[in-house]
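The values are calculated or read from the model by the stated rules, or taken from the named source; none is laboratory data. Not measured: the values here are computed from a predicted model. As a convention, Cβ positions derive from the backbone with ideal geometry for all residues, glycine included, and neighbour counts pool all protein chains shown.
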Amino acid sequence: MGGAVNVLQKYFLYDQPHFCGTVYVSVYCPRYSRQKTAAICIASFFAITAPNVLKFNIFPGSRLCYFLVTVYQIAMTQFTGLFISKGRDSKALFVGLSASNYVIAGSIMAAVIHIFTGNLHLCIAGCIATHIALMFVLYVKIRDIWVHFQKAESMNSWWKLCLIPVFFYCGFSCFSFFPYTLDDHPESIPGVVMFIIAMFVSYVNVLQFVSGESQRTAIYWQNFILESYIRSLENQYYLVEQSEKNLRILRHNMRHYSGMIDSLLEQGEYDEIKKIIAHTNTVTDDNRVTRYCSNMVANTMLSCMIEKACSLSVEVQRDIVISRELPVDSYEFAMVVANLFDNAINCVKDFSERKKYIDVKIRCEKEHLLIHMKNEYEKEIVFDSETGLPKSQKGKNHGFGMQSVQAFSDKIGGNLGCYCENGLFHIMLYAKF
């Protein structure tokens with residue numbers, strides 16, 4: 001299980017010797033090196049355990065001190081997870097909060113053993129065994145799901161999912177520690193055990209459900225990409241077919257043009273000859289299939305989007321270099337270009353002629369990928385506070401194109417960013433391979 005470190009202490013007997021159940025959850029994609037991460041975790045551990053002197057030695061009977069120190073320890077624990085996580089987002093917080101529940105489950109087991117045996121050493125052994133068993137179950141059941149989310153998932157509802165571990169934690173606390181301990185009411189033990197089982201089942205089912213939804217979303221986007229590519233190929237095929245038809249007509253008529261030119265030469269009508277030559281050149285140029293790059297898939301999509309821009313009288317200022325063999329998936333790359341193009345066209349299509357342009361720079365070669373698009377804007381652009389990308393102003397069921405671009409950037413380890421400067425909106429995607 002990855003994404004954060006959880007260091008949680010739970011003292012299960014208020015009037016007995018105390019010990020802590022501490023779990024370190026391995027970090028997936030940590031922000032720092034292993035050595036530095038370990039040092040931060042150790043420092044966090046001491047920062048969390050030091051206030052126990054206040055709780056048990058200086059103010060041993062103060063419930064207020066106990067409460068304040070416990071809140072500090074929980075906050076410090078969750079902050080540590082966010083601090084060392086690469087993403088520092090709601091997913092890392094979800095892991096930290098969830099790990100708190102699993103740690104408290106181990107502490108509850110230790111409390112149960114102490115109630116029935118009174119042996120402190122056996123309690124510690126039971127607590128450690130419970131934590132090891134929990135980590136094994138997590139590794140087998142949900143590690144792969146979690147790693148998948150850390151790698152590619154960009155869903156925005158993790159803040160809502162964070163409520164699940166919060167309420168489980170509050171439920172554990174009310175059952176086992178506050179206002180009465182299990183030592184005071186051992187008859188609550190069966191209910192606590194069932195609550196622990198419910199937590200395990202809930203986590204596995206929720207994450208599997210979210211994983212299934214993610215897979216269905218991925219399938220939808222794959223189908224959407226293929227459908228768009230097929231439509232683009234159909235358009236390209238139609239253009240090529242029309243061009244070939246017109247050029248066949250031109251070749252058929254060339255002998256007539258040649259006869260006319262010979263006749264006009266004899267008459268000295270050179271201006272008319274120039275008109276005929278200009279006409280044939282125009283027909284040839286009009287039926288030439290434009291090649292924007294060497295990659296067939298990308299060229300198809302570029303042709304489609306540039307044709308759309310021309311139909312709306314939007315000028316495309318382009319600087320495009322795309323190699324034949326791409327270091328990324330051709331279809332996904334083509335859809336990213338299409339989404340960015342589409343957003344830019346929709347932004348400027350109603351502007352005056354002076355502002356009706358898009359500046360496009362694309363470099364996709366073996367070593368790196370760079371996409372830089374800029375266009376003028378008039379309406380205020382609202383940026384998402386979490387992603388830093390523009391938010392769709394069309395409502396809830398829009399903005400999937402930008403989400404697709406973000407997912408592609410995450411997949412290839414790229415940097416996606418945008419900004420406004422001097423009335424121009426810039427968006428850039430860069431990745432080094």
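Odds and ends about this structure:
To keep it simple, each residue is scored yes or no on (1) surrounded by 16 or more Cβ atoms within 10 Å (Cβ to Cβ); (2) of a type in the set (S, T, N, Q); (3) under 21 Å from VAL137 (Cβ atoms).
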site: GLY61; (1), (2), (3): no, no, no
site: CYS65; (1), (2), (3): yes, no, no
site: GLY96; (1), (2), (3): yes, no, yes
site: VAL103; (1), (2), (3): yes, no, yes
site: SER107; (1), (2), (3): yes, yes, yes
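- Against the conditions (1) within 19 Å of PHE200 (Cβ to Cβ); (2) in contact with a His (Cβ under 9 Å, 6 or more places away or on another chain), MET135 satisfies every one except (2).
- Inside the range 356-379, residues that are crowded, with 16+ Cβ neighbours inside 10 Å and of a type in the set (D, E, K, R) make up a count of 5.
- Flag for LYS274 being over 30 Å from PRO390 (Cβ atoms), charged (D, E, K, R), assigned to a helix (DSSP H, G or I) and at pLDDT below 90: yes
- Criterion (in the same structural domain as VAL206 (by TED's automatic domain parsing), touching a helix residue (DSSP H, G or I) at 6+ places or on another chain (Cβ under 8 Å) and assigned to a helix (DSSP H, G or I)) met by exactly one of VAL103, VAL71: VAL103
- Residue in the range 171-194 that is touching a strand residue (DSSP E or B) at 6+ places or on another chain (Cβ under 7 Å) and either under 17 Å from VAL210 (Cβ atoms) or small (Gly, Ala, Ser) (or both) present: no
- Subset of the range 155-173 (residues that are assigned to a helix (DSSP H, G or I) and either surrounded by fewer than 17 Cβ atoms within 10 Å (Cβ to Cβ) or among the small types (Gly, Ala, Ser) (or both)): TRP159, LYS160, LEU163, VAL166, PHE167, CYS170, GLY171, SER173
- Scan of the range 79-104 for residues that are at pLDDT below 80, more than 25 Å from ALA129 (Cβ to Cβ) and of a type in the set (Gly, Ala, Ser), ordered by number: GLY87, SER90, ALA92
- Any hit, the range 71-86, residues being among the charged types (D, E, K, R) and either more than 24 Å from TRP158 (Cα to Cα) or in contact (Cβ under 8 Å) with a residue 60 or more places away in the chain (or both): no
- Taking the range 27-59 as the range and being surrounded by 18 or more Cβ atoms within 10 Å (Cβ to Cβ), among the hydroxyl-bearing types (Ser, Thr, Tyr) and in a loop (DSSP other than H, G, I, E, B) as the test, only TYR28 passes.
- Qualifying residue in the range 281-294 (condition: of a type outside the set (S, T, N, Q) and under 27 Å from GLN406 (Cα atoms)): yes
- Of all the residues in the range 174-196, those that are without any contact (Cβ under 8 Å) to a residue 40 or more places away in the chain and not in a helix (DSSP H, G or I) number 5.
- Annotation note: of VAL314, VAL297, the sole residue that is over 25 Å from ASP410 (Cα atoms) and touching a residue at least 40 places away in the same chain (Cβ under 8 Å) is VAL314.
- Looking only at residues in the range 74-88 that are surrounded by fewer than 18 Cβ atoms within 10 Å (Cβ to Cβ) and not in a helix (DSSP H, G or I), the one that is nearest to the chain's Cα centre (by Cα) is GLY87.
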